[in-house]
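Colleague: My questions will all concern the structure given below.
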Amino acid sequence: MRLAGDHERPRDVAASASGSATALPIAVRRLSKAYGAVPVLDEIDLDVRPGEFLTLLGPSGSGKTTLLMAIAGFLRPDKGSIRFGEREVVRLAPHKREIGMVFQNYALFPHMDVARNVGFPLRLRRVPAAETARRVESALEMFQLGGFGTRRIDQLSGGQRQRVALARAIVFEPRIILMDEPLSALDKQLRERMQIELRQLHERLGTTTVYVTHDQREALTMSDRVAILDRGRIARIDTPRAIYDDPGSRFVAEFIGESSFLDVAIANGIARAAGATIRADNLPTRQGRCTMVLRPERLHLLGPGEGEGMNCFEGRVTGAVYQGDTLLLQTVLNGGSPVALRLTTRGGEGPPPVPGTPVRIGIAVSDTVLLPDEARGAP
Ligand code: ADP
Ligand code: MG
């Protein structure tokens, strides 16, 4: 993997040394790329707002890296346009795009020490040595790497290497930062801490950022908006909350969060599922079928006489999994649909209901999400 500019003569890049720190918007239009007959990016339109933290989220092979590499300039699309602000960059070499880039494998130079790795983009831009030293030191401080400047890369832990890669990406104050699964090699605890740190760094720097992950929780944690990729197309782009609360399609609902699904039959404007009449704020049709999305934490286990004003279902318990902060209760509704509930444990409640126990389950009308039939079943 090449780094921004490392294949170019330094003189070429000196002229483009970073100036303004103003955040830039990115506008991608009808961007397409195919390998042989297989489209990998299929007429992608994407707007990243100035200063926004936007995450590309999708399953493996959906085109995330390809799209990011096209924005960075390491990959030439077959057609389409990419603008940074007013400037068309689709034919511009990577080093002229003024992008800070963090690759999945960090792509550090093993033969250079930490300070030389971090200072690389500045030397490339012919920044004077004293200024380089000062900016490297402050980038190292920012990532708690003060005093590590003379360490060799192979003397660092995975988490420290990852910080070196981040320091190198921001040291020349790029106007756009691109990151491809930068936390995927870290263990869970460190990854979750770095998610918060990266988010805070973004709030300080305000640099337009495009971040790639296949981890939906990471995307929800970090992003202003999330673009969900499905086989080279953007299936949905919105805020984490909007996507979670109203996924709009079964593919998105399955990819973000946990869900159970019920088939709903609608006749004369009356919807029925699993033997119950359903009320919802927006019926997608007066006649036909749709799918109901049930998020496990929005479901209530109802006692006798409870559930007034809710959509209520009857079923029985099939299993219970204690997970510390929550209890995952597995049920099957009358009619055979499996539905999972996530109940908060507060201590003091008795043992969970044993398999076979009849239960009533409720969901508020305002939490009742129906997907139109045409959005069903991503093949
Ligand atoms: P993601 O990052 O979402 O996992 P990629 O953008 O890496 O996905 O890849 C998208 C699709 O393009 C995959 O099916 C992958 O196999 C294919 N692909 C990527 N690069 C190449 C290449 N150089 N030659 C052929 N196919 C490729
Ligand atoms: Mg990838």
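The values are calculated or read from the model by the stated rules, or taken from the named source; none is laboratory data. Just so we're clear, the structure is a prediction, and the values are computed from it rather than from any experiment. Neighbour counts run over all protein chains shown; Cβ positions are idealised from the backbone, glycine included. Surface areas here come from the heavy atoms of the whole protein model, side chains and all, with no ligands, DNA or RNA. Shrake-Rupley method; radii C 1.70, N 1.55, O 1.52, S 1.80 Å.
Colleague: Restricting the search to the stretch 25-61, which residues are closer than 12 Å to Ala227 by Cβ and among the acidic types (Asp, Glu)?
Modeller: Scanning the stretch 25-61 gives Asp45, Asp47, Glu52.
Colleague: Here's another thing I want to ask about it. Mind telling me which of the residues Gly232, Gly206 ends up being in contact with a Leu (Cβ under 8 Å, 6 or more places away or on another chain) and in contact (Cβ under 8 Å) with a residue 12 or more places away in the chain?
Modeller: Gly232
Colleague: Could you give every pair whose Cβ atoms fall below 7 Å, whose first residue belongs to the stretch 161-187 and is among the acidic types (Asp, Glu), and whose second residue is crowded, with 20+ Cβ neighbours inside 10 Å and at pLDDT below 90, counting only separations of at least 6 or pairs across chains?
Modeller: From the stretch 161-187, the pairs are Asp180/Phe103.
Colleague: Follow-up question, since we're still on this one. Could you figure out which of (1) aliphatic (A, V, I, L, M); (2) buried (at least 21 other Cβ atoms within 10 Å of the Cβ); (3) at pLDDT below 95; (4) over 23 Å from Leu220 (Cα atoms) isn't true of Leu41?
Modeller: Only one criterion in (1) aliphatic (A, V, I, L, M); (2) buried (at least 21 other Cβ atoms within 10 Å of the Cβ); (3) at pLDDT below 95; (4) over 23 Å from Leu220 (Cα atoms) is unmet by Leu41, namely (3).
Colleague: Kindly provide the set of residues from the stretch 58-73 that are within 12 Å of ligand 2 (Cβ to nearest atom) and either hydroxyl-bearing (Ser, Thr, Tyr) or part of a helix (DSSP H, G or I) (or both), ordered by number.
Modeller: Correct list: Ser60, Ser62, Lys64, Thr65, Thr66, Leu67, Leu68, Met69.
Colleague: Val13 fails exactly one of the following numbered conditions: (1) more than 16 Å from ligand 1 (Cβ to nearest atom); (2) at pLDDT 95 or above; (3) open to solvent by less than 20 Å² (accessible area, probe 1.4 Å). What is the number of that condition?
Modeller: (2)
Colleague: Select from the stretch 198-233 the residues that are buried (at least 16 other Cβ atoms within 10 Å of the Cβ) and more than 14 Å from the chain's Cα centre (by Cα) and write down the one among them that is farthest from ligand 1 (Cβ to nearest atom).
Modeller: Leu205
Colleague: Which one of these is more than 24 Å from Pro94 (Cα to Cα) and in contact with a Lys or Arg (Cβ under 8 Å, 6 or more places away or on another chain): Leu122, Leu145?
Modeller: Numbers: Leu122 fails: more than 24 Å from Pro94 (Cα to Cα).
Just a single option satisfies the conditions, and that option is Leu145.
Colleague: For the stretch 74-124, which positions are open to solvent by less than 30 Å² (accessible area, probe 1.4 Å), in a loop (DSSP other than H, G, I, E, B) and aromatic (Phe, Trp, Tyr)?
Modeller: Scanning the stretch 74-124 gives Phe103, Tyr106.
Colleague: Please go through the stretch 116-136 and pick out each residue that is free of Cβ contacts under 8 Å to residues at least 40 places away in the same chain and under 26 Å from Arg191 (Cβ atoms).
Modeller: If the condition is that a residue be free of Cβ contacts under 8 Å to residues at least 40 places away in the same chain and under 26 Å from Arg191 (Cβ atoms), then Val136 is the only one that fits.
Colleague: Going through Ala115, Ala165, Ala139, Ala169 one at a time, which residue ends up being over 28 Å from Lys64 (Cβ atoms) and not basic (Lys, Arg)?
Modeller: Answer to the check: Ala115.
Colleague: Based on what the data block shows, is Glu254 surrounded by fewer than 20 Cβ atoms within 10 Å (Cβ to Cβ), away from ligand 1 (no atom under 16 Å from the Cβ), over 23 Å from Leu67 (Cβ atoms) and charged (D, E, K, R)?
Modeller: no
Colleague: With respect to Thr132, determine if the residue is part of a helix (DSSP H, G or I) and either among the hydroxyl-bearing types (Ser, Thr, Tyr) or at pLDDT below 95 (or both).
Modeller: For Thr132, the condition - part of a helix (DSSP H, G or I) and either among the hydroxyl-bearing types (Ser, Thr, Tyr) or at pLDDT below 95 (or both) - is met.
Colleague: Right, here's the next one. Which is within 16 Å of ligand 2 (Cβ to nearest atom), part of a helix (DSSP H, G or I) and under 29 Å from Ile243 (Cα atoms), of Glu192, Glu218? Full working, then the answer.
Modeller: Values: Glu192 fails: within 16 Å of ligand 2 (Cβ to nearest atom).
Sole residue among the options that is within 16 Å of ligand 2 (Cβ to nearest atom), part of a helix (DSSP H, G or I) and under 29 Å from Ile243 (Cα atoms): Glu218.
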